[in-house]
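The values are calculated or read from the model by the stated rules, or taken from the named source; none is laboratory data. A quick note: this is a predicted structure, and the numbers were derived from the prediction, not measured. Here the Cβ positions follow ideal geometry from the backbone for every residue, glycine too, while neighbour counts run over all protein chains shown.
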Amino acid sequence: MEENVAQSIYDEISLDSDIIILKFINDTAGTKVFKREVKSSYLQFHFCVKGGASFSFNNGNYRLPIADETSLLLYNPQRDLPIEVAVNPGSWVLSLLIPITRFHSLFSRDADYITFLSEENRDRKYYKDAPISPSMAIVINQLLNYNLHPSVKPLYFKAKAYELLSLYFNRPADADVEQCPFLVDEANVARIKKAKEIILKRMAEPPSLQQLADEVQLPINRLKEGFKQIYGDTVFSFLFDHKMEYARQLLVSGAHNVNEVGLMVGYSTASHFISAFKKKYGTTPKKYVMALT
């Protein structure tokens, strides 16, 4: 019997105090609504990499849906455009907010190429939806799933945010996908994403690497290569980090004791869970909880 490990996560990362990355993850069985104020000076890029969602405006009188593997670009210099997004069950959305002044400084030479940067359009509201390319999907997944030391996290996120913008505005001849020709095939990318979903859903009792490869119909070496290329880590190192983060959130909620949390993330004994948690966070679960009070 599988453990119920459904969760919803909202995360916000600020870069250089003005570029903002928002992460909306809803792995529960119900729709989750997230809200955030956004000034009129900001461009909004929204990317749905799994499932679907909808954005509400004017107190819910107007809605913009965003489907799986689709992006939305929104800009309204005449009024603030707060985010109110309803994220469907089992859906993931990543948003990138950047001030129009910062954006102009990045693309000042391309005003003729990027429509809304032209002088005649700079004070007009702008909307565009577009598919997410395989190369963009890789960067978005790297932003959603990362294994980094805190000291390099801001630099990594800034580099990936700029990379995502450059891929979004790339001219029709798409660049190579992260120097990995195997990942150009969207079917292979979909299989890698499916492998990630499988190990997260069954994290308490995950399949072996060979079983996982068989289930997503990929040779094991291609599974390992593709997974590391997209998610920046090996399958089980990625799973370990996810389990520890989920365990940390369960401990913060206060709804479960240490033994219960350990069982929920797949540790049959409390001592094994405590050892794993300490390896990740440098302290025991009990001390971590005590530090929160």
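For this structure, a couple of remarks:
- Check on E205, over 19 Å from N145 (Cβ atoms), of a type in the set (D, E, K, R) and not in a helix (DSSP H, G or I): yes
- Residue in segment 95-137 that is modelled with the highest pLDDT, counting only those that are touching a His at 6+ places or on another chain (Cβ under 9 Å) and assigned to a loop (DSSP other than H, G, I, E, B): R122
- Per the listing P77, P89, the residue uniquely assigned to a loop (DSSP other than H, G, I, E, B), modelled with pLDDT of 90 or more and either basic (K, R) or in contact with a Ser or Thr (Cβ under 9 Å, 6 or more places away or on another chain) (or both) is P89.
- Matching entry among L81, L72 (being closer than 30 Å to I198 by Cα, surrounded by 14 or more Cβ atoms within 10 Å (Cβ to Cβ) and either among the hydroxyl-bearing types (S, T, Y) or in the same structural domain as K153 (by TED's automatic domain parsing) (or both)): L72
- Flag for I230 being within 22 Å of G51 (Cα to Cα) and modelled with pLDDT of 90 or more: no
- Residue within segment 217-233 that is more than 29 Å from F157 (Cβ to Cβ), assigned to a helix (DSSP H, G or I) and either outside the structural domain of A29 (by TED's automatic domain parsing) or over 21 Å from the mean Cα position of the chain (by Cα) (or both) present: yes
- Sole residue being under 20 Å from the mean Cα position of the chain (by Cα) and free of Cβ contacts under 8 Å to residues at least 40 places away in the same chain, chosen from E12, E69, E84: E12
- Residue count for segment 22-37, restricted to those that are assigned to a strand (DSSP E or B) and of a type outside the set (A, V, I, L, M, F, W, C): 5.
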